[in-house]
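Working notes, structure below.
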Amino acid sequence: MKIEILGTGCSKCKKAKEIIEKVLKQTGVEAEVVKVEDIEKILSYGVMVTPAVVIDGDVKLAGKVPDEKDVRKWISQ
Amino acid sequence: MVDVFYPLQWIADKMTYEVFGIATDTRLASSVNFVIYDVMKIFVLLAVMIFVVSYIRTYVTPEKTRKFLGGKKGLQYHLLASLLGAVTPFCSCSSVPLFIGFVEAGIPLGVTFSFLITSPLVNEAAVAALWATIGFKATLIYTVSGILLGVIGGYLIGLLKMEKYVADFVYKIKVGDSNKNPKDLSVKERAAAAYECVKDIVEKVWIYVIIGVTLGGIFHGYAPEGILAQYAGEDNLLAVPIAVLIGVPLYSNVMGMIPIVESLIGKGLPVGTALAFLMGVTALSLPEMIILKKVLKNELIAAFVIIVSISITFTGYLFNIIL
């Protein structure tokens, strides 16, 4: 599984990464977490408000920090 | 009219005079009463306002706005972009992707700016705090003029035909189609999302509100009456532009600023001058300009700052005349 966190580097994006890494650790799910800061790449997903979470190419969330419950649901699918 | 906030004043009075046992008519009582009343009123209105606007927002996403406004020209689309900006918040780090996304969708530069100007200027948290502190009428005027400011500012930028002052790479970027197909949400899901927003925003701003209200309270209780009417009253025509000049580069949390400004109004600062200052604080800031510099050339940034600052100054004068 590949989890991409899209964001130009504000505090919310860091928060999003922390939450996802925390849930991965708790659940023991293996995933590659990548932070995408390149604006062109972010927009190629059709995302205009950050932070956004993309899992295996699928935009799960845009414009807010995910909560742990959501992350758990996404990675268990 | 029945004051719906009367119970809050009653609680504030009880707390100040009975629980804390502060003698009435002292400076301390005046300050403490101000703080208790303001904190309660701001948080009540904040929660209600954010909930309502966030609920509405579950119907309007930036992606939808972008598709909707693509290729549309004309004053009515400036108004629409401005209204959509008012209900769509974004943190300043999203201004670049939003800007590129809008331009790429064929939304005219001026219409894009109508959205970008209004979005930070009119937001539910600021509106709630203004309503709680300086009253409904002034808040309504602030909101309406904020939306008009976006319309006019964006329209003027459109007239200047400044498309060539957008960084070249912007026109080369291809924006993908968001594969997120939002399913229809139920009322319960929308309410849950709105509740999340209330929690998010209150968690973020409460500390600024407390600091702002405390400083405002001290000023309210201890500064001499009419001190500001003397120096920055309506007779002083320079007061409005100076207030805007101070407000523009200032990057502070507007939630902390509003209660301070309330206490300044209490000491004689004209409401128009105060609102112009707050508009300067919210509409333009140095960090935002630095972020926008990635996509805009200096000429366009200068046009943006000048047009918005001048519009705000005029709005300030107008408020002082009509209020």
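All conditions in (1) at pLDDT below 90; (2) part of a strand (DSSP E or B); (3) more than 26 Å from B:A105 (Cα to Cα) hold for A:V59, with the sole exception of (3). Candidates B:K67, B:K73: the one that is surrounded by fewer than 21 Cβ atoms within 10 Å (Cβ to Cβ), within 14 Å of chain A (Cβ to nearest Cβ) and at pLDDT below 85 is B:K67.
Residues of the range A:53-69 being more than 9 Å from every other protein chain (Cβ to nearest Cβ) and out of contact with any strand residue (DSSP E or B) (no Cβ under 7 Å at 6 or more places or on another chain), which ones? A:E68, A:K69, listed by residue number.
How about the range B:276-310: which of its residues are buried (at least 23 other Cβ atoms within 10 Å of the Cβ), among the small types (G, A, S) and under 17 Å from B:G110 (Cα atoms)? Passing the criteria: only B:A283.
Here the range B:52-78 is the region considered, the condition is being outside any helix (DSSP H, G or I) and among the basic types (K, R), and the residue that is farthest from B:K161 (Cα to Cα) is B:K72. Only one of the listed residues (A:K22, A:K35, A:K69, A:K12) is part of a strand (DSSP E or B), open to solvent by 10 Å² or more (accessible area, probe 1.4 Å) and of a type in the set (K, R). That residue is A:K35.
Are there any pairs, at least 6 apart or on different chains, whose C-beta atoms fall under 6 Å, with the first in the range A:33-52 and facing chain B (nearest Cβ under 7 Å) and the second open to solvent by 40 Å² or more (accessible area, probe 1.4 Å), and if so, which? These pairs meet every condition: A:G46/B:D177; A:V49/B:F90.
Looking only at the range B:1-47, which residues are among the charged types (D, E, K, R) and closer than 27 Å to B:K204 by Cβ?
We begin by selecting, within the range B:1-47, every residue among the charged types (D, E, K, R); these are B:3, B:13-14, B:18, B:25, B:27, B:38, B:41.
Result: B:D38, B:K41.
Residues that are assigned to a loop (DSSP other than H, G, I, E, B), under 29 Å from B:A302 (Cα atoms), open to solvent by 10 Å² or more (accessible area, probe 1.4 Å) and modelled with pLDDT under 85 are absent from the range B:254-269.
I'd like to check which helices (runs of 4 or more DSSP H) are fully inside the range B:92-148 and have at least 1 residues that are touching a residue at least 40 places away in the same chain (Cβ under 8 Å) and within 14 Å of chain A (Cβ to nearest Cβ). Please lay out each step first, then the result.
Working: elements: B:95-104, B:109-121, B:124-134.
Hits in the range B:92-148: B:95-104, B:109-121.
The values are calculated or read from the model by the stated rules, or taken from the named source; none is laboratory data. Being a predicted model, the structure only gives us computed values, none of them experimental. Note: ideal-geometry Cβ built from the backbone for every residue, glycine included; neighbour counts use all protein chains shown. Only protein heavy atoms, including side chains, enter the accessible area calculation; ligands, DNA and RNA are left aside. Shrake-Rupley method; radii C 1.70, N 1.55, O 1.52, S 1.80 Å.
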